[in-house]
Amino acid sequence: MTLETISEHRSFGGLQGYYRHASSVIGLPMRFAVYQPPVARERRVPVLFYLAGLTCTEETFAIKAGAQRIAAQLGLMLVSCDTSPRQTGIAGEADDWEFGSGAGFYLNATQPPWSRFFRMYDYVLDELREAVLAHFPAERQRLGIFGHSMGGHGALVLALRNPAVYRSVSAFAPICSPTRCPWGRKAFSGYLGADPAAWADYDAVELLSARGKRVFREILVDQGLADKFLPQGQLLPEQLEAACARAGQPLRLRRQDGYGHDYFFIATFVEDHLRFHADALVA
């Protein structure tokens, strides 16, 4: 795989870069960002993948979260990717912020025309991971994943389905049970078809219920109590809390008074999440 460097920027002694490559999984060019901490010049380092939410790109977390300072201290590589394929030629792909461009939901679509390009689950799990391992000083056995909103959903699903790949998982205001919320039902119907039985593999609550046992030492989730999407029933943290309790999966669900569904919230608590992952990945 050949990478095209879009730009690189010195940051806290490390390097923040933006890259593009031809994706064989997606069938189109894809972009991603990598922050390499200073110690990566000397040795391979653990990697923390971040999945962004609706409408975001590979740049959003790197620009808004303020994570590079702590990642530099902890020796963590940070990777973020775009949230969907772009410019697919599908009619109306960018007409709806909840579906299509910027709303890939980290699944493999089965319904045409989306199934041709929208394969973000395989892209993140396989192709992006291998691209990072091949082109950057990344340590293969020390990978974690986290995300926000739609990306929190993606992080939970990818981790719960692949605990041999990811050693740690956390989320900010995740869509905890897409099969039970308007965002998820809309997206899953379009990408996966009308049969809800086909949706369970992309729902963290359903995955925990099916497994019925502890998967990770602990899962960390932060949820702002002033999040405008919380009373709309889009996020459903109580469903995740109940599923973890039934499965015996330790969950640290922190309800943060006054915080919303934004990067001010993420920037406030991102250090806690990086340290949570470092405990699992660096030691």
Assigned charges on the beta-carbon of Lys, Arg, Asp, Glu; the stretch 118-242 dipole about Cα centre (debye): 180
Packing-based ranking, highest mean first, of 6-16, 160-170, 139-149 given that Cβ atoms within 10 Å are counted: 139-149, 160-170, 6-16
With all protein chains modelled, accessible area of Tyr123 [1.4 Å, Å²]: 0
Farthest toward positive dipole pole in the chain [+1 Lys/Arg, -1 Asp/Glu at C-beta], among Val25, Phe264, Tyr35: Tyr35
Point-charge dipole on Cβ atoms (K/R +1, D/E -1) for the stretch 1-112, about Cα centre, debye to 20: 620
Mean separation of Cα contacts under 8 Å, 6 or more apart, over the residue count of the chain: relative contact order %: 17
Additional length obtainable on full extension of the chain from Thr2 to Arg254, 0.36 nm per residue less Cα span: 86.6 nm
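Leaving out ligands and nucleic acids, and using a 1.4 Å probe, what accessible area per residue does the chain come to in Å²?
For the chain, the solvent-accessible area averages 39 Å² per residue.
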Net dipole in debye of the stretch 191-283 [+1 Lys, Arg Cβ; -1 Asp, Glu Cβ; about Cα centre; nearest 20]: 360
Sulfur and carbon atoms: percent of accessible area, the chain [1.4 Å]: 48
Signed unit charges on C-beta, dipole axis of the stretch 157-272, positive-most listed residue Ala210, Ser170, Ala159: Ala210
Calculated P(r) tail over 33 Å for the chain, as whole % of Cα pairs: 15
Top positive-direction residue, dipole computed over the stretch 48-137 with Cβ charges, set Gly89, Tyr121, Leu74: Leu74
Sum of -39500 (n - 2.57) over DSSP H runs of 4+, divided by residues of the chain (222 nm, nearest 500): -8500 deg cm²/dmol
Separation of alpha-carbon centers, the stretch 116-161 and the stretch 208-283, rounded to whole Å: 18
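The values are calculated or read from the model by the stated rules, or taken from the named source; none is laboratory data. The model shown is predicted, which means the values in this text are computed figures rather than measured ones. Here the Cβ is made from the backbone with ideal geometry for all residues, glycine too, and neighbour counts use every protein chain on show. The protein model used for the area step is the full one, side chains on, heavy atoms only, and it has no ligands, DNA or RNA in it. Shrake-Rupley method; radii C 1.70, N 1.55, O 1.52, S 1.80 Å.
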